[in-house]
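Written out below as structure tokens is the structure these notes cover.
The values are calculated or read from the model by the stated rules, or taken from the named source; none is laboratory data. None of these values were measured; they are calculated from a predicted model. Cβ placement follows ideal geometry from the backbone for every residue including glycine, while neighbour counts extend to all protein chains displayed. These area figures cover heavy atoms from the full protein model, side chains too; ligands, DNA and RNA do not enter into them. Shrake-Rupley method; radii C 1.70, N 1.55, O 1.52, S 1.80 Å.
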Amino acid sequence: MPLKKINTLLTAAFILFILWFGTEFILSPEATAPGFGLPSWPSGDGDGFLIIKGVRDVVLALVLGVLLLTGHRRALGWVLLVEALAAYGDMTTVLAHHGSVATALGVHGLTATLMVVNGLLIMRETRKVPSAPATPAPQPA
């Protein structure tokens, strides 16, 4: 399978996953929050912070989707690399607040690392390879 097709499928999977997860946080934050990995979640009006997390995820997914659909593949690679920082940040937050190590590493850390791999593969796919001269150089007599 060509590298471009693999990269496109991986990116589409990330977009759908992030969009789904973000939408879940917006629609039912209290039911989705335990899966984030923190030992406790906000109570009372604190679910507004969970909705903010959902909005962030939806926006991250839409940015990737726009770049994928418009064919800006090099920018897509860079954005995947940068957006991985959000998932690494989530992982660090869960670990720093004594949350589930398995969720921190297995969900957030793995997602971030796969995003980095996908971003690097797209950067490789779109790299500029110097082309050979069209005519051979003259040889000394």
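Output the number of the condition that M115 fails; it satisfies all remaining conditions of (1) within 20 Å of L3 (Cα to Cα); (2) at pLDDT below 95; (3) open to solvent by less than 40 Å² (accessible area, probe 1.4 Å).
(2)
I'd like to check something: does the range 44-55 contain any residue that is open to solvent by 60 Å² or more (accessible area, probe 1.4 Å), aliphatic (A, V, I, L, M), within 26 Å of V116 (Cβ to Cβ) and part of a helix (DSSP H, G or I)?
So far as the range 44-55 goes, yes, one or more of its residues are open to solvent by 60 Å² or more (accessible area, probe 1.4 Å), aliphatic (A, V, I, L, M), within 26 Å of V116 (Cβ to Cβ) and part of a helix (DSSP H, G or I).
For residues in the range 56-81 being small (G, A, S) and touching a residue at least 40 places away in the same chain (Cβ under 8 Å), which is surrounded by the fewest Cβ atoms within 10 Å (Cβ to Cβ)?
Here the answer is G65.
In the range 89-105, is there at least one residue being among the β-branched types (V, I, T), under 14 Å from the mean Cα position of the chain (by Cα) and either within 21 Å of T126 (Cα to Cα) or part of a helix (DSSP H, G or I) (or both)? Working first, answer last.
Going residue by residue through the range 89-105, those that are among the β-branched types (V, I, T) are 92-94, 101, 103.
Retained after the next criterion (residues that are under 14 Å from the mean Cα position of the chain (by Cα)): none.
No, because not a single residue in the range 89-105 is among the β-branched types (V, I, T), under 14 Å from the mean Cα position of the chain (by Cα) and either within 21 Å of T126 (Cα to Cα) or part of a helix (DSSP H, G or I) (or both).
I'd like to know if the range 2-24 contains one or more residues that are on the phi > 0 side of the Ramachandran plot and of a type outside the set (D, E).
No, that holds for no residue.
Could you look through the range 82-105, keep only residues that are open to solvent by less than 40 Å² (accessible area, probe 1.4 Å) and either free of Cβ contacts under 8 Å to residues at least 60 places away in the same chain or in contact with a strand residue (DSSP E or B) (Cβ under 9 Å, 6 or more places away or on another chain) (or both), and pick out the one that is farthest from L67 (Cα to Cα)? Spell out how you get there, then give the answer.
As a first pass, look at the range 82-105 and keep what is open to solvent by less than 40 Å² (accessible area, probe 1.4 Å): 83-84, 86-87, 89-91, 94, 99, 103-104.
If we keep only those that are either free of Cβ contacts under 8 Å to residues at least 60 places away in the same chain or in contact with a strand residue (DSSP E or B) (Cβ under 9 Å, 6 or more places away or on another chain) (or both) too, we end up with 83-84, 86-87, 89-91, 94.
Values: E83: 13, A84: 16, A86: 18, A87: 19, G89: 23, D90: 24, M91: 25, V94: 30 Å.
Applying the filter and picking the extreme gives V94.
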